[in-house]
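Colleague: Here it is, the structure, as structure tokens.
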Amino acid sequence: MTDTSPRLTASAFLAMSLDGYIARTDGNLDWLLEAGAELGDTGYDDFFAAVDSMLIGRNTYDIVAAFDEYPYAGKRVLVLSTTLDSVDWPDATVHRTVDDALTTLEREGRRHVYVDGGTVVQQFLRAGMLDDITVSIAPVLIGSGVPLFGSLDRDVLLELTGTRDLPAGFTQATYRPLRSP
Ligand SMILES: NC(=O)c1ccc[n+]([C@@H]2O[C@H](COP(=O)([O-])OP(=O)(O)OC[C@H]3O[C@@H](n4cnc5c(N)ncnc54)[C@H](OP(=O)(O)O)[C@@H]3O)[C@@H](O)[C@H]2O)c1
């Protein structure tokens, strides 16, 4: 029987230093937050409104869990981790593998997942499972930190689908990874 159910869309939306880092090594985002007030509308609110679920790595979970305000209200959240057993966020579960998380999302009929965390985005890119990625590039070099991109067995080609200048010298680019034939 042909599967006619719509496929799950996977998107990423991150801010990155010009030299390719999404956080300092200790998770500090000072280089990004300092520009935050000036940045204004980056399109994040519309992006966030369009997803029905989130798949995040445990390191991202650790950082977000320390926030004063819970930022994922109303979204189904799946945390990838081999070390956590559970999380006490509303409508959130822990998954040991990407496959298990994707099976859960599909079983629940989710349509659009926001993939977040450097290693998680890298795995989706490597596996050809990311539909689009928006990167807001900060005009700063921080020298070291958590990389957005990592090593690859083969090149990943992407189509540039949009660019725009943001305040504070940021540039935003959106890409659609091209699927291998
Ligand atoms: N600038 C931005 O836009 C932005 C966006 C998101 C995050 N960040 C920052 O980036 C940092 C987090 O990124 P990161 O690359 O260090 O880590 P991450 O991807 O958030 O989390 C990595 C962890 O997730 C778990 N994991 C990943 N893949 C897995 C798999 N296939 N199966 C099971 N578990 C898996 C593992 O946890 P266990 O060790 O528990 O197994 C792994 O150590 C934080 O500092 C965060 O604030 C920045």
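Colleague: I want to confirm something. Restricting to region 100-143 and keeping residues that are of a type in the set (Ser, Thr, Tyr) and under 26 Å from residue 66 (Cβ atoms), which single residue is farthest from the ligand (Cβ to nearest atom)?
Modeller: So the residue we want is 104.
Colleague: Are any residues in region 110-127 free of Cβ contacts under 8 Å to residues at least 40 places away in the same chain and of a type in the set (Gly, Ala, Ser), and if so, which ones?
Modeller: 127 - this is the single residue of region 110-127 that is free of Cβ contacts under 8 Å to residues at least 40 places away in the same chain and of a type in the set (Gly, Ala, Ser).
Colleague: Working only within region 141-174, note down all residues that are touching a helix residue (DSSP H, G or I) at 6+ places or on another chain (Cβ under 8 Å) and within 22 Å of residue 117 (Cα to Cα).
Modeller: 142, 146, 147, 148, 149, 150, 152, 153, 156, 170 - these are the residues of region 141-174 that are touching a helix residue (DSSP H, G or I) at 6+ places or on another chain (Cβ under 8 Å) and within 22 Å of residue 117 (Cα to Cα).
Colleague: Take the residues of region 131-151 that are part of a loop (DSSP other than H, G, I, E, B) and of a type in the set (Ser, Thr, Tyr): which is farthest from residue 21 (Cα to Cα)?
Modeller: Within region 131-151, the match that is farthest from residue 21 (Cα to Cα) is 151.
Colleague: Here's a check for you: in region 8-55, which residue that is in contact with a helix residue (DSSP H, G or I) (Cβ under 6 Å, 6 or more places away or on another chain) and near the ligand (Cβ under 8 Å from one of its atoms) is farthest from residue 111 (Cα to Cα)?
Modeller: By that ranking, first place goes to 27.
Colleague: Ok, one more. Can you find, within region 1-56, the residue that is modelled with the highest pLDDT among those that are farther than 18 Å from residue 134 by Cβ and polar (S, T, N, Q)?
Modeller: Taking the candidates together, the pick is 25.
Colleague: Being within 15 Å of the ligand (Cβ to nearest atom), of a type outside the set (A, V, I, L, M, F, W, C) and surrounded by 12 or more Cβ atoms within 10 Å (Cβ to Cβ) narrows it down to one residue among 93, 97, 82; which is it?
Modeller: Residue meeting the stated conditions: 93.
The values are calculated or read from the model by the stated rules, or taken from the named source; none is laboratory data. Just so it is clear, the model here is predicted, and its values are computed rather than measured. Note that each Cβ is placed from the backbone with ideal geometry, even for glycine, and that neighbours are counted across all protein chains shown.
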